[in-house]
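In what follows, a structure is listed as structure tokens, so that the remarks can point back to it.
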Amino acid sequence: MTAESTPDPGIPGDPGTSGPRNSAKGRRRKPRSRRRKGLLITAWTAAGIVVLGGTGAGYLYFKLNGNIKSIDIDSALGTSRPTKVDNGSENILVLGSDSRAGGNKKLGGGADDGSARSDTAMIVHVYKGHKRASVVSIPRDTIIDRPECTDTGGGTHPAAQGVMFNSAYSTGGAACAVKTVESITDIRMDHYLEVDFKGFQKLIDELGGVPITTTKAIDDRESHLHLKAGTHTLDGEQALGLVRTRHGVGDGSDLGRIQLQQAFVKALVDQVKHLGVFTSPKKLYDLADTATKTVTADSDLGSVNSLMSFANGLKGIGSSKMTMVTMPVRYDPANPNRVIVEKSKAEQVWTALKNDRAIPKSATTGTATGEAKGVVSAG
């Protein structure tokens, strides 16, 4: 069976689906494995900082171009995909990968077993005119029906029912992650960006840190983060700890961790604009060198020129023009440590994005949420 003949999977809980459930006892939102670490990077940082602003010529251009890793997702997915909406908007799937290999082993705290997971996933919708954006976080613990998919090496992976969302990436890499997101949303992903632990930390250090303010102390030995309530300028290691932490604040849930990540994204975007990296050739080159070594992009963005054009369309979007939500979910009755999609509310989100409209507040009202909202804000 090929990707072109992949059946349209359902969301567990819909009529006609019978995905398995793993029964579990215990307190709701109990923290799980210490190896499941989060990672966050936004499209603005991943793509925006590679704008060369007049310095991208000769040696510099070829050096940066040679840094970029790209993957041909379109060829892997074939034609069985949602129709591309031609209304001037763009949808980008941004993943944080927690591979344990190489320099990530120490940061990830896990064994170098050759595996990788997508511990952070965000759909970035850039509206027509590129003046504002909506970002939808997908909880990694969401139980979904994963479609059959073909990876970029040509390998085919069978469909699976009632599995965690982040299994898509660990099963078939970027192509299967994109296929799964498109099956959940019925929205075509125009682009794909991925970054890993080590690269995220170095990007923050290259920026000179990111100022944040915390309303509560955050103390998490597992993510190596210890912050008193107050204002801090986070270096790369601290920033990575913040977007990974589950135990340091709130209820220990992945949904609470997403709330911290979303707050950090806004602080990060503000810092990029505050530093004026687009007007400083040296700062821009240093960041571009790091970013192009760190980011994996789809083949359409797999060159300096393409990233320049893409980033130029994003650099005017500040945090005040960003709406950040979590995909509407509720706790799984069969396992309180998992969540399942609130289909009717999620459909409001996907319909709004397809039509390039703002996400209605009703889409996220009354859905499951964490307990870390307001703990972190831009410094």
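Key figures
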item: Any chance Ala174 is touching a residue at least 12 places away in the same chain (Cβ under 8 Å), over 24 Å from Ala372 (Cα atoms) and either touching a Cys at 6+ places or on another chain (Cβ under 9 Å) or basic (Lys, Arg) (or both); result: no
item: Which listed residue is among the acidic types (Asp, Glu), under 15 Å from the mean Cα position of the chain (by Cα), closer than 22 Å to Met122 by Cα and modelled with pLDDT of 80 or more, from Asp270, Asp298; result: Asp298
item: Sole residue being among the acidic types (Asp, Glu), under 25 Å from Ala239 (Cβ atoms) and either open to solvent by 10 Å² or more (accessible area, probe 1.4 Å) or at pLDDT below 90 (or both), chosen from Glu371, Glu342; result: Glu371
item: Residue under evaluation Leu255, criteria (1) more than 18 Å from the chain's Cα centre (by Cα); (2) aliphatic (A, V, I, L, M); (3) farther than 19 Å from Val195 by Cβ, criterion not met; result: (1)
item: Residues of region 221-235 classified as modelled with pLDDT under 90 and open to solvent by less than 60 Å² (accessible area, probe 1.4 Å), total; result: 2
item: Residue tally, condition open to solvent by less than 10 Å² (accessible area, probe 1.4 Å), outside any helix (DSSP H, G or I), in contact with a strand residue (DSSP E or B) (Cβ under 7 Å, 6 or more places away or on another chain) and within 24 Å of Leu95 (Cα to Cα), over region 194-220; result: 4
item: Selection within region 138-164 - in contact with a helix residue (DSSP H, G or I) (Cβ under 7 Å, 6 or more places away or on another chain), at pLDDT 95 or above and open to solvent by 30 Å² or more (accessible area, probe 1.4 Å); result: His157
item: Search result, residues across region 61-76 that are under 20 Å from the mean Cα position of the chain (by Cα) and in a helix (DSSP H, G or I); result: Ile73, Asp74
item: Lone unmet requirement of (1) at pLDDT 95 or above; (2) farther than 30 Å from Gly313 by Cβ for Val135; result: (2)
item: Checking Ser309 against (1) part of a strand (DSSP E or B); (2) modelled with pLDDT under 95, the condition it does not meet; result: (1)
item: Qualifying residue in region 172-179 (condition: modelled with pLDDT under 95, not in a helix (DSSP H, G or I) and not charged (D, E, K, R)); result: no
item: Residue match in region 287-295 (condition: outside any helix (DSSP H, G or I), under 20 Å from Ile204 (Cβ atoms) and of a type in the set (A, V, I, L, M, F, W, C)); result: yes
item: Yes/no for Ile187 being in a strand (DSSP E or B), in contact with a helix residue (DSSP H, G or I) (Cβ under 7 Å, 6 or more places away or on another chain), crowded, with 17+ Cβ neighbours inside 10 Å and β-branched (Val, Ile, Thr); result: no
item: Exclusive hit being crowded, with 20+ Cβ neighbours inside 10 Å, under 23 Å from Asp190 (Cα atoms), more than 18 Å from the chain's Cα centre (by Cα) and in contact (Cβ under 8 Å) with a residue 60 or more places away in the chain, set Val249, Val304; result: Val304
item: Selection count where residues are open to solvent by 10 Å² or more (accessible area, probe 1.4 Å) and at pLDDT 90 or above, scope region 89-126; result: 3
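The values are calculated or read from the model by the stated rules, or taken from the named source; none is laboratory data. On a predicted model such as this, the values are computed, not experimentally measured, just so you know. Cβ sites come from the backbone with ideal geometry, for glycine too, and all protein chains shown count toward neighbours. Side chains are part of the model used for accessible areas, which takes the heavy atoms of the whole protein and leaves out ligands, DNA and RNA. Shrake-Rupley method; radii C 1.70, N 1.55, O 1.52, S 1.80 Å.
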